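K.L.:
I am attaching a structure below and will ask some questions about it afterwards.
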Amino acid sequence: METKENLDSIKGFEPISSDQMYQIENNGENEFSMKKILMMENAGSRIADFVISEFGDTILNKSIIAVCGKGNNGGDALVAMRHLSGYILAKNLSEKPPQLAVILLCSPNDLKTSEAISNWKIIEKIDSIKTYTMKSCTLEDIKERIKTSDIILDGIFGTGIKGDINEPYSSIISFINTRKGNSYVLSVDIPSGLNPDTGEIKDKTIIADTTITFHRPKHGHFNNGASVIGKLIVKKIGIPFETERGVVNKN
């Protein structure tokens, strides 16, 4: 579902707050047995499908990097990279090996959720995806990897970000923005640094070419956020509609 001027009035795609999204996800898991790892799998596959449709077979020769933080939007990006690896290897039309990499801007031990941890453990075992962490390389090494990438998946911060941005995240966000016009920047859920509820940019934010969000858009995608999200794509990820009962007001 791509953005239109009246997206916020399309039935079923009206924007919600980050707290409402958390409640919907929790209802999905606790009341409907829709596990969050399934939501992550569906979100990541939607990201990969979009990248494949956007670039076609040229993707076979693209350098793609996922820059991931501690949370679940980083986990979404990990899933997307796994799907992209499988697609590119299956096509097997490129003269070059896949140019795929994941940068984890923390120690693997600092990942916040079991879903992100599970997907990191899978990625570590995939030979076609190179992995880097803040323990295994320097900030300058990370910047060099980003500099040589054609497509950057921004999975640094999700809808939980509300305040100031610390290092190394601040420097990485600034550096990714220097790639504007050279690399295609795709933000997962919301550009990292953008307040998901108000659209406020308190410190700094990724300036995306495209933002893919899930289930419903968030209030922050509109208002001030419209200047940094690029093209907005809203994807349903299998969360039962009934999870919204008591959470989203129905007219």
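The values are calculated or read from the model by the stated rules, or taken from the named source; none is laboratory data. Computed from a predicted structure; not experimentally measured. Every residue, glycine among them, receives a Cβ derived from its backbone with ideal geometry; neighbour counts consider all protein chains shown.
K.L.:
Condition first: within 12 Å of Ser187 (Cβ to Cβ) and either surrounded by fewer than 24 Cβ atoms within 10 Å (Cβ to Cβ) or of a type in the set (Val, Ile, Thr) (or both). Now tell me which residues in region 56-86 satisfy that.
P.N.:
Val67 - this is the single residue of region 56-86 that is within 12 Å of Ser187 (Cβ to Cβ) and either surrounded by fewer than 24 Cβ atoms within 10 Å (Cβ to Cβ) or of a type in the set (Val, Ile, Thr) (or both).
K.L.:
For region 118-133, what are the residues that are assigned to a loop (DSSP other than H, G, I, E, B) and in contact with a helix residue (DSSP H, G or I) (Cβ under 8 Å, 6 or more places away or on another chain)?
P.N.:
Hits for region 118-133 are Ile126, Ser128.
K.L.:
Residues of region 217-245 being among the basic types (Lys, Arg), at pLDDT below 95 and crowded, with 16+ Cβ neighbours inside 10 Å, which ones?
P.N.:
Result: Lys218, single match.
K.L.:
Give region 23-42 a look and list any residue that's without any contact (Cβ under 8 Å) to a residue 24 or more places away in the chain and outside any loop (DSSP other than H, G, I, E, B), or say none.
P.N.:
Asn26, Glu29, Asn30
K.L.:
From the list Leu89, Leu111, which one is crowded, with 23+ Cβ neighbours inside 10 Å and either closer than 19 Å to Glu41 by Cβ or over 15 Å from the mean Cα position of the chain (by Cα) (or both)?
P.N.:
None of the other options fit; the residue is Leu111.
K.L.:
Here is a follow-up. Select from region 140-156 the residues that are in a helix (DSSP H, G or I) and among the hydrophobic types (A, V, I, L, M, F, W, C) and write down the one among them that is surrounded by the fewest Cβ atoms within 10 Å (Cβ to Cβ).
P.N.:
So the residue we want is Ile146.
K.L.:
Of (1) within 18 Å of Ala101 (Cα to Cα); (2) exposed (fewer than 13 other Cβ atoms within 10 Å of the Cβ), Cys137 satisfies all except one. Which?
P.N.:
Here Cys137 meets the rest and fails (2).
K.L.:
Examine region 96-108 for a residue that is assigned to a helix (DSSP H, G or I) and not basic (Lys, Arg), and state whether such a residue exists.
P.N.:
Yes, that holds for at least one residue.
K.L.:
Just for region 1-22: of the residues that are within 11 Å of Val248 (Cα to Cα), not in a helix (DSSP H, G or I) and not β-branched (Val, Ile, Thr), which one is modelled with the lowest pLDDT?
P.N.:
Gly12
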